[in-house]
Amino acid sequence: MPHIHLMTSANLVENVDVPDILRYLVETLCGQDTIQSASVKAYHSMFTAWEMGEGAAHGFAHCQVSILAGRPESTKTAIADAMWATLRDAFAHSVEGQEANLTLEVREMEMRTYRK
């Protein structure tokens, strides 16, 4: 059930490494408590048109991790921290060169409305 949706602007040099980055993100998520590895899905969307606010880096990488609701806050925080570390490692070149803003969000999917 967990989904990893990686979204990037087309100008990031790391886009050539997306298959590896997705694998690292999946490995990281599968290593967390309460996550069943057979249920994890990861995918990528690259945007060719985007706009950033004045003073922002010229590109972005955003990772949305969707999990079923009901996990303790400590588990959600651990997932966010682990995924954030992997995301920062994966996009280190663009972050260090101030070419990308990174963001990560852990979202909860409601059991009563999620279908599998």
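The values are calculated or read from the model by the stated rules, or taken from the named source; none is laboratory data. Source: prediction; values computed, not measured. Cβ placement follows ideal geometry from the backbone for every residue including glycine, while neighbour counts extend to all protein chains displayed. Areas reflect the complete protein model, heavy atoms only, side chains present, ligands, DNA and RNA absent. Shrake-Rupley method; radii C 1.70, N 1.55, O 1.52, S 1.80 Å.
Taking the longest Cα principal axis of the chain as reference, the axis of helix 18-30 is set at about 30 degrees. Positive end of the dipole of the chain (Cβ unit charges, origin at the Cα centre): among Pro72, Met52, Trp84, the Cα lying farthest that way belongs to Pro72.
The charge dipole of the chain, taken about its Cα centre with unit charges on the Cβ of Lys, Arg, Asp and Glu (plus for the first two, minus for the last two), comes to roughly 680 debye.
Note the angle between two axes, namely the Cα long axis of helix 73-90 and the longest principal axis of the Cα atoms of the chain, as a number of degrees from 0 to 90, rounded to the nearest 10. So the helix axis and the longest Cα principal axis differ by about 30 degrees.
Extension gain Ser39-His3, at 0.36 nm per residue separation less the Cα-Cα distance, in nm?
On the way: separation 36, 0.36 × 36 = 12.96 nm, distance 0.84 nm.
Extra length from Ser39 to His3 when fully extended: 12.1 nm.
Electrostatic bookkeeping for Lys76 treats Lys and Arg as +1 and Asp and Glu as -1; over the other residues with beta carbon under 12 Å from its beta carbon, the sum is -3.
Hey, can you find the accessible area per residue of the chain for me, probe 1.4 Å, expressed in square angstrom? Write down the numbers at each step before the final one.
On the way: 6680 Å² over 116 residues.
Result: 58 Å² per residue.
Annotation: extensible slack from Cys30 through Ser74 equals 14.2 nm (criterion: 0.36 nm per residue apart, minus Cα-Cα distance). Using a 1.4 angstrom probe on heavy atoms only, work out the carbon and sulfur share of the accessible area of the chain in %. Answer for the chain: carbon and sulfur cover 51 percent of the accessible area. Cα centroids of region 1-42 and region 53-90: 11 Å apart.
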